[in-house]
Amino acid sequence: MHTEPGYITEKKAIQTRLRRVEGQVRGIQRLVDEDTYCIDILTQIAAATKALESVALLLLDQHLKHCLTHVEGPEDTRRKLTEASEAIARLVRS
């Protein structure tokens, strides 16, 4: 069983992206506080959503490259594939 996450090589990039998203969400809160036009707020929400999707895809890519290449037999492979498939389904539905 591996002990480090599959995204370990991209950890800094992921943290940077998440901090950027955090800033975007704070900015959206500020827009609401300032009674900004609805469409402008929705535009910023769309940008933050895309940024989160980008992080999710990077994590998924790292998972597929790392975690699925470090499996321990057919049962572990099936479990990991099911796990990845379910994660993809959640991303698609969101």
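Computed values, structure above
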quantity	calculated
Helices (runs of 4 or more DSSP H) within the chain that include 1 or more residues touching a residue at least 40 places away in the same chain (Cβ under 8 Å) and surrounded by 15 or more Cβ atoms within 10 Å (Cβ to Cβ)	11-33, 38-66
Residue, farthest from the chain's Cα centre (by Cα), within segment 50-94, restricted to residues that are over 16 Å from Gln15 (Cα atoms) and hydroxyl-bearing (Ser, Thr, Tyr)	Thr77
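Just so you know, all these numbers are worked out from the coordinates, no wet-lab data involved. Only a predicted model underlies this, so the values are computations on that prediction, with no experimental measurement involved. Every residue, glycine among them, receives a Cβ derived from its backbone with ideal geometry; neighbour counts consider all protein chains shown.
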